[in-house]
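The values are calculated or read from the model by the stated rules, or taken from the named source; none is laboratory data. The structure presented is a predicted model; accordingly, all values stated were derived computationally and were not measured. A quick note on method: Cβ atoms are made from the backbone with ideal geometry, for glycine too, and the neighbour counts reach across all protein chains shown. Side chains included, ligands, DNA and RNA excluded: accessible areas come from the protein's heavy atoms. Shrake-Rupley method; radii C 1.70, N 1.55, O 1.52, S 1.80 Å.
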Amino acid sequence: MLASLVALWAFAAYVTVAEGVNLVWLAALEQQVAKPAEALIAAVQEERRESVTYAAAGATADRAPLEAARAATDAAQQRLRTALDSTIGQWSTSEASDVRHAELLRALNGLPDKRRQLDQGRLDRVGAGAYFTGLAQLGFDVYDTYTAWDDSEVIFHTSTLVLLTHAQEMVSRQDAVLSGVLAANLFTDADRTTFTELVGAQRYLSTQVAERLPQPDRADYTRLLNSPAMLALQTLQGQVMRAVPGTAPLTGPAQWRDAVTAAIDALRTMVLDLADRTVVRFRPKAIGILVRLVLAAGLGLIAVILSIRFTIRALRSLQEQLAELKAAALELAHERLPRVVTRLRDGEEVDVGEAAPPLAFGDDDIGLVGQAFDVVRQTAVQAAVDQAELRRGVRDVFLSLAHRIQALVHRQLKLIDAMERQAATDEELAKLFQIDHLATRMRRNAENLVVLSGVPASRTYRATVPMVDVLRAALAEVEDYPRVRLRAAEPAALAGHAAGDVIHLLAELMENAVQFSPPHTDVHVLGRAVPGGYLVEIEDRGLGMADDALEESNLRLAEPPEFQLTGAARLGFFVVGGWPGATGSRCGCGARRTTG
């Protein structure tokens with residue numbers, strides 16, 4: 001957006017600058033190039049008249065006017081070359097002007113050769129007139145390129161001046177034709193036709209110039225046409241056109257020279273005066289364009305700078321809003337949600353509005369995104385609360401089922417104890433022992449549900465319990481207890497409130513060792529005191545576990561994860577890991593030698 005704005009401003013400034021520079025260079029072009037070019041054309045016109053006169057008069061002609069005319073042409077040519085080589089001349093002319101100037105200068109390079117032909121008598125008055133007329137026409141072609149401006153009004157006025165110079169050229173051509181006629185003292189049909197055509201062209205151009213000039217220039221030009229010099233020229237023109245071919249024209253050389261010189265000088269002065277007026281007339285317009293340039297470029301530049309500043313500020317504000325939104329998202333992911341989950345695990349009540357307060361991001365599009373993010377945050381916290389409520393409900397269901405099962409199992413165990421005391425045969429007693437072990441396993445499963453619900457097991461003892469009794473009690477809860485061999489148990493005592501949990505834990509481990517070892521092998525249990533605690537080793541002959549699996553299992557027991565319903569396939573890890581006092585212990589269930 002900023003690049004487009006700067007490009008638009010640069011284009012507008014360039015257009016305005018180009019227009020103003022064109023008008024400024026118009027004055028420089030008129031002073032530095034146009035006047036030397038006009039002086040060169042005037043010198044060529046003068047040399048044309050003297051060359052035609054010299055060619056018509058032959059050897060009896062006076063060479064002094066011819067040499068003076070040639071010297072003036074050479075001087076004017078040098079001045080034009082110097083002007084074109086100057087810095088101002090190079091900058092003020094257009095590409096088309098440079099082409100026409102080059103053509104004119106190349107043609108002037110052949111001027112010395114034409115002069116030699118004239119001096120040697122190999123160039124007649126008609127050929128001399130045609131050559132110098134061609135040079136003058138190249139000069140007028142240069143004038144045409146001076147009107148190639150972007151401003152239509154400037155083009156109109158400069159083209160009017162060009163028409164006026166063409167009218168003056170028609171008078172100069174008449175002078176060249178009649179000077180040759182007077183010097184040769186012979187007036188032919190071709191001379192009369194050419195002279196008449198030139199007079200007609202001059203009068204037509206004069207009419208066009210009068211119609212195009214603005215006031216008061218038109219009034220001044222009308223006074224010039226009605227001046228004594230122009231009226232005298234018109235009188236002589238009429239006499240010449242009425243003359244009979246084959247005889248001398250009805251005018252003398254001096255009379256014609258005086259009239260035509262006065263008329264040409266008056267027209268040339270009028271051209272220069274109108275050129276100066278044109279430059280002065282368009283000077284206020286150039287100043288106005290420069291003022292517009294200052295306004296367009298200066299104010300436009302200020303507008304671009306302000307736009308850039310506003311865009312940068314808006315971008316910074318946008319970045320700040322996005323940074324706040326990013327920080328809020330990261331805070332939600334790394335702080336708020338984990339903190340809410342921790343509080344929910346600890347059983348605290350969580351207010352969603354307090355845990356995820358709304359954030360103000362503004363009323364723009366970023367603000368709307370922020371509001372949507374607020375909804376997402378509140379939804380995420382509410383989902384965490386709902387999930388915690390769901391887990392709490394599941395745990396309550398576990399606890400309710402466990403208590404109901406425990407009540408039934410306790411009644412069942414009492415009934416089995418009574419039946420065992422009343423058994424008549426050993427076979428009946430053995431079957432009652434099997435039923436007793438099954439009921440004991442059912443009681444352990446119920447206690448597992450209690451542990452998973454996060455409530456301590458209900459089996460507790462008031463006094464300390466010897467470790468040997470703890471090991472025997474655990475062994476008694478194993479169905480295939482004959483395979484479990486208690487090898488030794490060093491004297492130690494266990495706190496009564498932990499005895500029930502440790503008995504349950506050891507029974508689960510012994511049951512695991514019996515189930516995952518060959519039926520013909522025994523499981524050996526050893527208890528001994530160690531620095532800082534009591535070590536129970538349960539050894540079986542099972543396949544064992546790989547080192548990485550053993551490490552993972554011990555990690556699960558040391559840092560138990562939160563219980564998930566999808567983890568039912570490894571329920572024992574959650575039970576043992578979540579047992580009160582079990583955290584920090586090390587267990588390798590199913591290994592050749594395991595500790596827990």
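Report the full-extension gain for the segment Arg343 to Ser400: residue separation times 0.36 nm, less the Cα-Cα distance, to one decimal in nm. Present the calculation step by step, with values, prior to reporting the outcome.
Details: separation 57, 0.36 × 57 = 20.52 nm, distance 2.39 nm.
Extra length available between Arg343 and Ser400 comes to 18.1 nm.
Carbon and sulfur together cover what percent of the accessible area of the stretch 70-137 at a 1.4 Å probe radius?
The nonpolar share, carbon plus sulfur, comes to 53 percent.
Could you estimate the translational diffusion coefficient of the stretch 396-555 from the Stokes-Einstein equation, with Rh from the Kirkwood formula over C-alpha pairs, at 4 °C and 1.567 mPa s, in whole µm²/s?
75
Could you please put Glu477, Glu103 in sequence from largest to smallest accessible area, using a 1.4 Å probe?
Glu103, Glu477
With a 1.4 Å probe and all protein chains kept in place, how much accessible area does His334 have, in Å² rounded to the nearest 10?
Approximately 130 Å² of His334 is accessible to the 1.4 Å probe.
Quickly work out the Thr145-to-Arg462 label distance, labels modelled 7 Å from Cα along the C-beta direction, and quote it in nm with one decimal.
Distance between the two pseudo-spin positions: 12.8 nm.
Report in % the part of the accessible area of the stretch 428-547 that belongs to carbon and sulfur, leaving out ligands and nucleic acids; probe 1.4 Å.
C and S fraction of accessible area: 57 percent.
Just to confirm, what accessible area per residue do you get for the stretch 35-188 at 1.4 Å probe, in whole Å²?
Value for the stretch 35-188: 41 Å² per residue.
Can you compute the FRET efficiency between Asp265 and Ala96 using 1/(1 + (r/R0)^6), with r the Cβ-Cβ distance and R0 = 22 Å? Round to the nearest 0.05. If you can, show how the numbers build up before the last one.
Working: r = 30 Å, r/R0 = 1.38.
The pair Asp265/Ala96 has a calculated efficiency of 0.10.
State the extension gain, in nm to one decimal, for the chain segment bounded by Ile308 and Arg122, taking 0.36 nm per residue of separation less the distance between their alpha-carbons.
That works out to 59.3 nm of additional length.
Show me the ranking of peptides 530-541, 492-503 by mean Cβ neighbours inside 10 Å, starting with the highest.
492-503, 530-541
At 7 Å along the Cα-to-beta-carbon direction for both Gln319 and Ala546, put a label point, then send me their distance in nm to one decimal.
5.1
Sort the stretch 92-245 into rounded, prolate or oblate with this rule: let a ≥ b ≥ c be the square roots of the eigenvalues of the Cα gyration tensor; rounded if a/c is under 1.5, and if a/c is not under 1.5, prolate when a/b is larger than b/c, oblate otherwise.
Working: a/c = 3.03, a/b = 1.14, b/c = 2.65.
The shape class here is oblate.
How do Asp374, Asp426, Asp124, Asp119 stack up against each other in accessible area, from largest to smallest, with a 1.4 angstrom probe?
Working: Asp374 15, Asp426 130, Asp124 90, Asp119 65 Å².
Reading off the accessible areas and sorting them downward yields Asp426, Asp124, Asp119, Asp374.
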